[in-house]
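The values are calculated or read from the model by the stated rules, or taken from the named source; none is laboratory data. Because the structure is predicted, anything quoted here is derived from the model rather than measured. Neighbour counts run over all protein chains shown; Cβ positions are idealised from the backbone, glycine included. For accessibility, only protein heavy atoms count, side chains too; no ligands or nucleic acids. Shrake-Rupley method; radii C 1.70, N 1.55, O 1.52, S 1.80 Å.
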Amino acid sequence: MNFTLKVWRQAGPEAPGRLVTYPADDISPDTSFLEMLDIVNERLIAKNEEPIAFDHDCREGICGMCGAVVNGYAHGHERGTTLCQLHMRSFRDGATIYIEPFRAKAFPVIRDLVVDRSAFDAIITAGGYISIRTGAAPEANAIPVPKENAERAMDAAACIGCGACVASCPNASAMLFTSAKLAHLGLLPQGQPERFERVRTMVSAMEQAGFGSCTNHGECEAACPKEVSMDFIARMNLDLIRASLKHR
Amino acid sequence: MTTKVMTFYGTSVGKKVVMAVTGFIVFGFVTVHMLGNLQIFLGPEKLNAYARFLKGTGAFLWAFRGVLLLSAVLHILSATQVTLQSWAARPEGYAVRRYRETTYAARTMRWGGPIIGVFVVYHLLHFTTGQLHPSAPHFDGTDVYNNVVHGFQVPWTSAVYLLAVLMVALHLYHGVWSMLQTMGAAHPRYNRWRRFLAAAFALLVGCGMAAVPVAVLAGWVRPV
């Protein structure tokens, strides 16, 4: 298959960036999107040109490292799929493909398609953990967890922190990420003691990182490779209301 | 590293809760306003008696206006603040941008809001104080029925009102749904009813509001 790529090239955080056109010819339909970029990069290196910088790690859709906005969609047009699991067969032969970094003030571009997602770490540092030792795995029935809560906590914990929610949000809001991280702790017994303090500190960290405000478009949920539900955002909102009423 | 914990209103969630609550108050008023308007179809006596009743409530009327004005101010203030926050959150946009879930109503909230705001000022000068009414400077605030009919007999005036009503309906469609989400009312069993509820209210208020200028233009409601 043959494609025309329009790739965002930016030499560094302060350098001006622009879209550069590259041909991507003789690409097997079975290559993944990142493998296609690897091939293009090898050809660039052979021509003594600077390869396109992009983030990647596991390449099996579970680490949250990869991601770019492809033709206007974070992680590309396929639902519930990370960029590494997107395959070139899902594109039309001869297509022009726009590849841009995740855009948000809180995610500054480091180089080309690589962005700094430390803002997510700051949100986790603010309370995305249990601050006591929970010890080894307890006896299975010692702490009863309702089946439904266990399932919902797992649904929230499916978040791999890739940042597609921020990238796809018209407001560059990080509410889906933050709410998922709050929910996977707040739905379980071990997360209860700090539940309401946690929502205050994590939401504060989210705001201070410079993310936008949620206007309930639903683009985050649609772009999420793990299909995390925006019901968690509603839950976070309610927890923050409750926390603000009860904190001393 | 310790995060400085923000006040409730300091967070965008807090601002949105204020927006949701004040929006609900104004929405409640708009619904009652729509029901009041429909009395025009019961004839001039009924409508003018209703207007006399409202104006006769004295201090209560002013308290009510005060709450409404305060709600509108807080609604606009919180909306402006979160909008500026969101605009600042993406200094550089995308060359290509595609949407999957968002609606026309959701994307026009920030333009529909100010348009509705300007319309409300015009509306008050038109029907409440009368400076922009065709009968000005002899506007008689007690004859609501004839004021409405004469006002809407001007086609461009009716057109402005119908456009404003469309804006209000779109604003309500996203606003009602958004309010439920902001206040934490989400549950897989009821989620599909949230959209339905928002659409039903938007349609009800929109049609109820649009009925009066349409009826006047069509000649079903005539001056007496």
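Take the range A:185-217 and flag every residue that is touching a Ser or Thr at 6+ places or on another chain (Cβ under 6 Å) and either of a type in the set (Asp, Glu) or assigned to a loop (DSSP other than H, G, I, E, B) (or both).
Step one: list which residues in the range A:185-217 are touching a Ser or Thr at 6+ places or on another chain (Cβ under 6 Å), which gives A:190, A:201-207, A:211-214, A:216-217.
Listed by number, the residues that qualify are A:GLU207, A:PHE211, A:GLY212, A:SER213, A:CYS214, A:ASN216, A:HIS217.
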*In the range B:10-37, the residues that are in contact (Cβ under 8 Å) with a residue 40 or more places away in the chain, at the interface with chain A (Cβ under 10 Å from one of its Cβ atoms) and of a type outside the set (A, V, I, L, M, F, W, C)*: B:SER12, B:LYS15, B:LYS16
*Return only the number of the condition from (1) over 24 Å from A:ILE62 (Cα atoms); (2) in a loop (DSSP other than H, G, I, E, B); (3) open to solvent by less than 20 Å² (accessible area, probe 1.4 Å) that A:ALA142 does not satisfy.*
(3)
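Select from the range B:137-158 the residues that are farther than 21 Å from B:GLY36 by Cβ and in contact with a helix residue (DSSP H, G or I) (Cβ under 9 Å, 6 or more places away or on another chain) and list them in ascending order. It would help to see each step written out before you state the result.
As a first pass, look at the range B:137-158 and keep what is farther than 21 Å from B:GLY36 by Cβ: B:137-138, B:154-156.
Once the filter is applied, which keeps residues that are farther than 21 Å from B:GLY36 by Cβ and in contact with a helix residue (DSSP H, G or I) (Cβ under 9 Å, 6 or more places away or on another chain), the range B:137-158 yields only B:PRO155.
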*Selection within the range A:225-239 - within 23 Å of the chain's Cα centre (by Cα), within 9 Å of chain B (Cβ to nearest Cβ) and either hydrophobic (A, V, I, L, M, F, W, C) or assigned to a loop (DSSP other than H, G, I, E, B) (or both)*: A:SER229, A:MET230, A:PHE232, A:ILE233, A:ALA234, A:MET236
*Here are some residues: B:ALA95, B:ALA136. Which one is assigned to a loop (DSSP other than H, G, I, E, B), away from chain A (no Cβ under 14 Å) and either β-branched (Val, Ile, Thr) or surrounded by fewer than 17 Cβ atoms within 10 Å (Cβ to Cβ) (or both)?*
B:ALA136
*Qualifying residues in the range B:175-196 (those that are crowded, with 21+ Cβ neighbours inside 10 Å and touching a residue at least 24 places away in the same chain (Cβ under 8 Å)) - the one nearest to A:LEU176 (Cα to Cα)*: B:THR182
*asked:* For the range A:148-168, check the following and say yes or no: at least one residue is under 15 Å from B:SER12 (Cβ atoms), at the interface with another protein chain (Cβ under 9 Å from one of its Cβ atoms) and touching a residue at least 24 places away in the same chain (Cβ under 8 Å).
replied: yes
*Single unsatisfied condition, A:ILE110 versus (1) in contact with an Asp or Glu (Cβ under 8 Å, 6 or more places away or on another chain); (2) assigned to a loop (DSSP other than H, G, I, E, B); (3) farther than 19 Å from A:LEU185 by Cβ; (4) of a type in the set (A, V, I, L, M)*: (2)
*Single unsatisfied condition, A:GLU78 versus (1) more than 12 Å from chain B (Cβ to nearest Cβ); (2) surrounded by fewer than 18 Cβ atoms within 10 Å (Cβ to Cβ)*: (1)
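If a residue must be assigned to a loop (DSSP other than H, G, I, E, B), more than 7 Å from chain A (Cβ to nearest Cβ) and surrounded by 13 or more Cβ atoms within 10 Å (Cβ to Cβ), how many such residues does the range B:98-130 contain? Step through it out loud before you land on a result.
Filtering the range B:98-130 down to residues assigned to a loop (DSSP other than H, G, I, E, B) leaves B:98-103, B:108, B:129-130.
Right, trim to more than 7 Å from chain A (Cβ to nearest Cβ) and you get B:103, B:108, B:129-130.
Then keep just the ones that are surrounded by 13 or more Cβ atoms within 10 Å (Cβ to Cβ); that gives B:103, B:108, B:130.
Total satisfying the criteria: 3.
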*Name the one entry in A:GLU60, A:GLU14 that is in a loop (DSSP other than H, G, I, E, B), under 22 Å from A:PHE211 (Cβ atoms) and under 24 Å from the mean Cα position of the chain (by Cα).*
A:GLU14
*With respect to B:ALA59, determine if the residue is at pLDDT 95 or above, open to solvent by 30 Å² or more (accessible area, probe 1.4 Å) and out of contact with any helix residue (DSSP H, G or I) (no Cβ under 9 Å at 6 or more places or on another chain).*
no
_Residue in the range A:187-201 that is over 21 Å from the mean Cα position of the chain (by Cα), of a type in the set (Lys, Arg) and surrounded by fewer than 20 Cβ atoms within 10 Å (Cβ to Cβ) present_ = yes
